[in-house]
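Shown next, in structure tokens, is the structure this report addresses.
Every number in this text was worked out from the coordinates using simple rules, so none of it is lab data. Owing to the predicted nature of the structure, the values given are computational and were not obtained by experimental measurement. Cβ sites come from the backbone with ideal geometry, for glycine too, and all protein chains shown count toward neighbours.
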Amino acid sequence: MKKFFPKNFLWGAATAAYQVEGAASVEGKGVSVQDSKNFSNAFHDTTVTSDHYHRFREDVALMKALGLKSYRFSIAWTRIYPDGRTLNTQGLNFYHQLIDELLKNGIEPLVTLYHFDHPQILQNQFGGWYSDRMITHFLMLAETCFREFGSRVRWFMTICESNNVVLYPDLIGGVPEGVDIEVWRFQVSRVMALANARVIQLCRKLLPEAKIGPCIGYAIAYPATCAPQDVMAALNEDEFRSFYPLDLLCLGRQNPLIISYFSQRGIDIRLPQPELNEMNAARPDFIAFNYYQSDVAKACPTEAEHVQPGFNAEGKQGGFIYPSFPGLYAGDNNPFLERSDWDWEIDPVGLRIACRKLFDRYQLPLMITENGLGARDNLINGQVNDTYRIDYLKKHVEQMRLAICDGVPVLGYYPWSFIDLMSTSNGYNKRYGFVYVEREDGDVKTLARYKKASFYWYQNVIASNGTLLD
Ligand code: BG6
């Protein structure tokens, strides 16, 4: 058995702009759909978050101490184009400085071009990703990033989790009034896949040496039982949630099951051949995927009630709302797995299965661009003893190594998150970082940084190129 991770393996860690930067309205930054959500619930407030914008040099020094080979961060669209149209050089300057600081410290940047935060004004004007007009604006952003950063950045991701945002419309500004949610889902998948293809083509033209790929959130689906109906439901979930969007992004083809699902609801989603050709012609260099948990699917009759997937707001086990898509599948819990306080099932072996399934279907190298445990951490005398997170990450890294031994090319691993940040669904009540940030929801406190026990653990993993797992 191959014992070591490949030489040049990208041991990384990840963040996203609106969750970590703060400085939401300084130096010309415009209002994003995330900023517009500020205080729409108890914790969502992008104004300060972890104040990375002002402390990025201190944070990069911590990355260096951790030994990171690579850092995944996203570009806040509204720093660069505050209104989606007008360039803001001050915003560009922030990323120039961040990239320079990373390279000075031997850390390779992996840039996410879009992570849920487009300009609010584009949402108001034409419904954001619901409209084809979004593609022009996104291409403008991408071109600027390629021209400005391309001499120093080799790795790009196009759109984060285009498959999950269609499940949770509120993540990207919501469904415009009067639009049917299923129509919206299909249209956003299409617009994002076209945008992905055009951005990849642009990258090929401007930066032939760069590597670029799309990103999905992948929760593999297990059948609730070995009853064929449940096995079918699990297949349906995989195809509906993951393979339909990935087939568009990587192969330029539409999954027939999804065509038939929509047509039964009176919606014809067949795309014109030239659009499929365009998607097919833009083959990515890799597939990035975010993995936290697996799912369970059981049969769901066509006459069942439609239930949107929810989330667990309180962080008390049992509060999660499972989805129900009549005629496709319904979610359920997994009695074989432990779960986090927010009901995210902990399934390291699922990561190996995910790698195998994705590589088998697409034959593209993989990047694991998010993986981590959200938990309540306690700072006691300057220390955070997050052994539960070490346990989670260790088991996942072991399974990733086994996937590599199985023959799956995995290029890099980016745990979520490098530093504590505002969790999208639970704020600072649920933390992911290797670095603790002293603040709470509603009280920014000192914002001082503390290395958690997991920081030292990951430092050793990186330094030994994964051999310390033995
Ligand atoms: C991913 C997102 O889907 O999940 C991140 O890309 C997010 O932005 C992460 O933070 C964890 O989810 P949550 O809701 O716990 O923040």
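Strictly greater than 16 Å: what percent of every Cα pair in region 220-303 meets that? So the portion of pairs separated by more than 16 Å is 61 percent.
Report the Rg/Rh value for region 27-126, based on alpha-carbon coordinates and the Kirkwood definition of Rh. Result: Rg/Rh = 1.00. Applying 0.36 nm per residue to the separation of Asp360 and Met140 and subtracting their alpha-carbon distance, the gain on full extension is 75.8 nm. How many angstrom separate the Cα center of region 393-429 from the Cα center of region 21-98? Their Cα centres are 22 Å away from one another. Sparse packing (at most 12 other Cβ atoms within 10 Å of the Cβ) combined with a DSSP loop state is found for the following GluC sites (Glu not before Pro) in region 197-277: Glu209. Cα to Cα, under 15 Å, and not fewer than 8 places away if on the same chain: which aspartates and glutamates meet these conditions relative to Lys298? Partners found: Asp230, Glu237, Asp238, Glu239, Asp332.
Kirkwood hydrodynamic radius of the chain, from the reciprocal of the average inverse Cα-Cα distance over all distinct pairs: 22.4 Å.
Using the Kirkwood radius built from alpha carbon pairs, what does the Stokes-Einstein equation give as D for region 422-470 at 20 °C and 1.002 mPa s, in µm² per second? The diffusion coefficient I find is 173 µm²/s. Loop-located GluC sites (Glu not before Pro) across region 284-321 with a Cβ neighbour count of 10 or fewer within 10 Å are Glu303, Glu305, with loop assigned by DSSP. Expressed as a fraction of 2.2 N^0.38 Å, the value expected for a compact globular protein of N residues, the C-alpha radius of gyration of region 307-466 is 1.14.
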